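Only one structure is covered here, and it is reproduced in the block below.
The values are calculated or read from the model by the stated rules, or taken from the named source; none is laboratory data. Predicted model, so just to flag it, every value in this text is computed and none were measured. As a convention, Cβ positions derive from the backbone with ideal geometry for all residues, glycine included, and neighbour counts pool all protein chains shown. Side chains are part of the model used for accessible areas, which takes the heavy atoms of the whole protein and leaves out ligands, DNA and RNA. Shrake-Rupley method; radii C 1.70, N 1.55, O 1.52, S 1.80 Å.
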Amino acid sequence: MDELISSRASTAPQPGGTPANTDTAPGQVSGVSPLPEGPVPIGSLVFADELPDGIVVADEAGRIIVFNRVAARLTGLDPAEVTGKFVFDVLPLRDSEGRDWWVYADPYHGLPTRTRHPERSLYLADGTEILVSVGYVRGPRGARPPQGGSGGMGPPRSGGGLGGVVPPGLALRRLVISLRGAQQRERLERSRAELVSTVAHELRSPLTSVKGFTATLLNKWGRFTDDQKRVMLETVNADADRVTRLITELLDVSRIESGRMEVHRQLVDVPDRARKIIAGRVAAG
């Protein structure tokens, strides 16, 4: 992938094996890297439009050279219009606190030993949330960081080894940005929140019953007959069993999600199960 990331839409090889640069506008050639001449090592060629995630690649000057279809769908931008522009102008990424990610992450002027940024939630200018991960492709040559753009990058810093020419072997050749939609994560978080709410409700009911009957027996033990005490204690016992069962089911769900438990199908007597549930509800009041 370090050798080439190209777009299938603009660099499809011709019948004779020679790639063609597709014009994106009159007099303008697409900024996506063309296919190299000669043999290409296996695994060194990836068509950006075939990747399942949005891919944006910027060169050592900060200009976009790859902007695939998924990235266009997530951002609503036209690849032909953004190719060649500064990446920090095209993607004004901000965090949940409104801070400019390009300023505090400083990928072009920051530590030259960084290799990647883990995936995190960032927001586009219109407030769209996307999951962004960043990788650094470094090469064995000196390179000067980008000096402009209105995205807050600013000129190279002076007075230090990181602001001017980057030491050989640490130069940033390309910045690879992966974009994913946040809808799936939102659905997952919503499902987890609903699960927590349901579990809290299911646990509160039997615990309230246990607490109420226990407090009543302790405070007014002598006022109840043996039969009344038995009924209360049986109810407390049933609710305690219910809490234990709920906790066991939660642990089972956790094991299933983590792959530590195999689920086997079996026949269930639904009427009998329903009668037991109704009896438990009646006993719980």
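Structure above, values below:
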{"read-out": "Filter pass, Arg116 being closer than 21 Å to Arg173 by Cα, more than 19 Å from the chain's Cα centre (by Cα), modelled with pLDDT of 55 or more and not small (Gly, Ala, Ser)", "value": "no"}
{"read-out": "Filter result for the condition that a residue is open to solvent by less than 90 Å² (accessible area, probe 1.4 Å), without any contact (Cβ under 8 Å) to a residue 24 or more places away in the chain and on the phi < 0 side of the Ramachandran plot, over Ala215, Ala182, Ala238, Ala171", "value": "Ala215"}
{"read-out": "Residues being open to solvent by less than 60 Å² (accessible area, probe 1.4 Å) and either farther than 30 Å from Met232 by Cα or touching a Lys or Arg at 6+ places or on another chain (Cβ under 7 Å) (or both) - total across the stretch 260-285", "value": "1"}
{"read-out": "The stretch 249-278, residues that are farther than 24 Å from Leu203 by Cα and among the polar types (S, T, N, Q)", "value": "Gln266"}
{"read-out": "Strands (runs of 3 or more DSSP E) within the stretch 1-111 that include 2 or more residues modelled with pLDDT of 50 or more", "value": "45-47, 54-59, 64-67"}
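Matching residues to (1) of a type in the set (D, E, K, R); (2) more than 23 Å from Asp49 (Cβ to Cβ); (3) open to solvent by 50 Å² or more (accessible area, probe 1.4 Å):
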site	(1), (2), (3)
Asp78	yes, no, yes
Glu81	yes, no, yes
Lys85	yes, no, yes
Pro107	no, yes, no
His117	no, yes, no
Ala125	no, yes, yes
Val137	no, no, no
